[in-house]
Every structure is written in C-alpha cells, then in structure tokens.
1. Would you mind telling me which numbered condition in (1) surrounded by fewer than 16 Cβ atoms within 10 Å (Cβ to Cβ); (2) at negative phi residue 294 fails?
2. Hey, among the residues in the stretch 296-325 that are touching a residue at least 60 places away in the same chain (Cβ under 8 Å) and touching a helix residue (DSSP H, G or I) at 6+ places or on another chain (Cβ under 7 Å), which one's farthest from residue 351 (Cα to Cα)?
3. If the Cβ limit is 6 Å and pairs must be 6+ apart or interchain, which residue in the stretch 379-400 that is farther than 14 Å from residue 278 by Cα and of a type outside the set (Lys, Arg) pairs with which residue that is assigned to a helix (DSSP H, G or I) and modelled with pLDDT of 95 or more?
4. Which residues, taken from the stretch 75-96, are of a type in the set (Gly, Ala, Ser) and in contact (Cβ under 8 Å) with a residue 40 or more places away in the chain?
5. Residue 361 - would you say it is among the aliphatic types (A, V, I, L, M) and either without any contact (Cβ under 8 Å) to a residue 24 or more places away in the chain or out of contact with any Leu (no Cβ under 9 Å at 6 or more places or on another chain) (or both)?
6. Check whether at least one residue in the stretch 204-216 is at pLDDT below 95 and surrounded by fewer than 22 Cβ atoms within 10 Å (Cβ to Cβ), and report yes or no.
7. Considering only residues that are aliphatic (A, V, I, L, M) and in a loop (DSSP other than H, G, I, E, B), which ones fall in the stretch 136-189?
Amino acid sequence: MTSSTPAWNMQKPTAAIVLADGTIIEGKGCGATGIVQAEVCFNTAITGYQEILTDPSYAGQIVTFTFPHIGNVGANDEDQEMLEAGKSDGAVGAVFKADITNPSNYRSARHLDEWLKTRGIIAMSGIDTRALTNLIREKGMANCVIAHSSDGNFDFEDLKKRAKEWSGLEGLDLAKTVGHGQDKPWSQKPWVWNEGYSDSDSDQYHIVAMDFGVKRNILRLMAGLGCKITILPATANAEEVLAHKPDGVFLSNGPGDPAATGEYSVKAIQDILKTDIPVFGICLGHQMLALALGAKTKKMHQGHHGANHPVKDHTTNKVEIVSMNHGFAVDAETFPAGVKETHVSLFDGSNCGLAVDGKPVFSVQHHPEASPGPQDSHYLFKRFLNLIKESKGEALVNEA
C-alpha cells in the first residue's frame, strides 16, 4: 500500500445485498452470518430499533434504517414486540449506514451486534442508506438476498439467482408462522418509568385476540384498561372464539399477504360479525376485516414504515402523527355499502381505517400502540373499550 492509498480500500466487504434485478450492494457484515431471501424496505423512525426488528409484521423483510446511527441504547430483554421471547420471527435482516454504535444507556444489557447474532438477524453497515432508500422509492420494495460471510467470499451469480427466484411476499401467508399457535392468556400492562412492567388482575372485560403476529404493546394497552385477554391462533374459527364468551374480539397485526391469510381466516371473521360483539382490528387485522366485509387489498409500491406518518381521523377531523408498518393496503374504492372510510394517510391518500354502519366494528391500518412512535392514537383503545361498555349499557370513558 502506498501512502496515497485510501484506508477504506484495505477493507474487504463481508456482506452484500443482491437485488432481483442483479444490483449488488456491498458493505461490512454484522449480526448473524448466512444467506436469506427477503424483501427490502426502509424505516424512517429514529428510535426503537429493537422493537422494529422484533415486530412480527417484518417477517420476510430486511429493514433499512434511514437514521444513520443505530445501537446507542444497546439491547435488553424488555424492548421487544415478539410475543414469545425465544422466537426469532420478525425482520430477517437489517441495513445500517454507520457501524453499530456502542451502547450508552442504563437499561442496556448487551451490544446490539451480539443481540443480532442471538436472534439470527443478518445485518450490514457501511453503505449509503439514502441511495438504497431512493432506489426503493423509485423501483419499489425489491426481492433480494442478504448475505454475510466473515471471509467476504460470495458467489454472486448464485446470489442473483436466489434473489430472482424468490417468490416474494405476494401470495405468501406468514401469520401462522409468527403467531403463537395456541390459547394463551395475557395480563401484562404498559411499562412504567423505573418500575418496568406489572400484571393486571382485572377481568372486568374479556377480549379474545386473534393472533396473526400480535405485538406485545397492543396487548399491554388493552390490559392497562382493565381487560382480561385470551390470545387465540390465527387459524381459530368463530366457534372457538365465541366459546370464550368474549366482550370484544381483536384482530391483530401481522406479516405477509392478507389475501393469503384470508383464505382461512375470513370465514371466521364473517361469522363473528354476525354477532353484536365489538370488533377492533389493527394493520393486518384491518386488512382481514376489510376482506371479510367484501373489500379488496393491494400491494403497495414502497409501503409505509416509520413513526412520523400523518393520518386524518374523519370521525374527529383531527390529524395524528402515527406509527406505520405495512406493505399492503386496503382499497377503499372497493368498500361495499355500509362500510365507511374513517382514517386516511395524508402522505398518499391511502386508506387507514374503516367502520361498519350500525355495528360496533372498526379498524385502522396504522399502529396506535406506537412501539416505537408517538401516542396520538392511543385513544383508539378507549374507543374499543367504549364499544364494549356501550354494549353493556355502562358509562363511557373519555377518549381524550
């Protein structure tokens, strides 16, 4: 090496993303080693990387973080959204601009790189994430392969072939993969500063949650309102749901193509809708409800992933800043009579909510539990509670 040779020339790339069109992006490997096929997207949140990477809705995806410095708060056993602590379903890959930052937070239990390894998440750093984000915006969320090898030796022709041959998320049902798969009670309430989590002993209202890949913070917020929660698998039929005599039914978030998941879950939801039991859906649950009502869903170009999305609630005329994570959307133009649009994205006008005329049934596309993200939409959980209270002839709570 001569004195004029840049130092970066001496570092051999140890990770690569290969897109289905043959584009190769090389960088520095971190996290787990290996090769995985997935869809690459970008997330604009500046906090909550651990919650993002453990969100079951990211199954089958690689998350490109637009915020350049990731890892500063380390990782711990509390800030995760996967229902089962030992499961590694969620994002399969991660892309960072800078090397993983050393942790500097009193809650940190381990370095993010170590945490990525234990969860089997393949990651890479040292690339221009703005350029990758622009590529996704121009060409859409691409099928690809992410690979990490400590020796930096890759068979790029094989990686191109794998990326090109992957089927992608369209037509892919992942809810059964990430869901709990069996009856499970839930009582944990939201985290409190310097106290952590606590359990609710209230069973005033019983909610059955259909688990398509439910996030923990959704369940916590319902438990914090005095609800007893029973989690059932995505494959549960209406008879199994109604056997628990629920006061309300919740349809959870989750990954994959809603049309594929709907092949076994739409019938159950339709049968539940024949009752007067209040129903609330979030994200994939919103899409499943829409399908059950006769509407259609569609694949988005770049999706919505971040914690700074403006949404208007037509029922209150308020604009909220919300957290979003979805690559499919409900087509509001296919709503049948009796179904109205309640929320809309102010970024692109896509549908973000619905309600059924004359029935205690509603859903939203965004994530009101906001983990990570703002709490503007927490009122929606009180709206669900009020539908339950109204069905019982009880006094309502203030949604503000």
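The values are calculated or read from the model by the stated rules, or taken from the named source; none is laboratory data. Nothing here was measured: the structure is a model prediction, and the numbers come from that model. Glycine also receives a Cβ, built like all others from the backbone with ideal geometry; neighbour counts cover every protein chain displayed.
1. (2)
2. 302
3. 396/386; 396/389; 397/382; 399/379; 399/382; 399/383
4. Within the stretch 75-96, 75, 90, 93, 94 qualify.
5. no
6. Yes, the stretch 204-216 has at least one match.
7. Once the filter is applied, which keeps residues that are aliphatic (A, V, I, L, M) and in a loop (DSSP other than H, G, I, E, B), the stretch 136-189 yields 141, 142, 169, 172, 174.
Rundown of residues vs (1) under 15 Å from the mean Cα position of the chain (by Cα); (2) over 27 Å from residue 189 (Cα atoms); (3) at pLDDT 95 or above, yes/no style:
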residue	(1), (2), (3)
286	yes, no, yes
351	no, yes, yes
356	no, yes, yes
366	yes, no, yes
394	no, no, yes
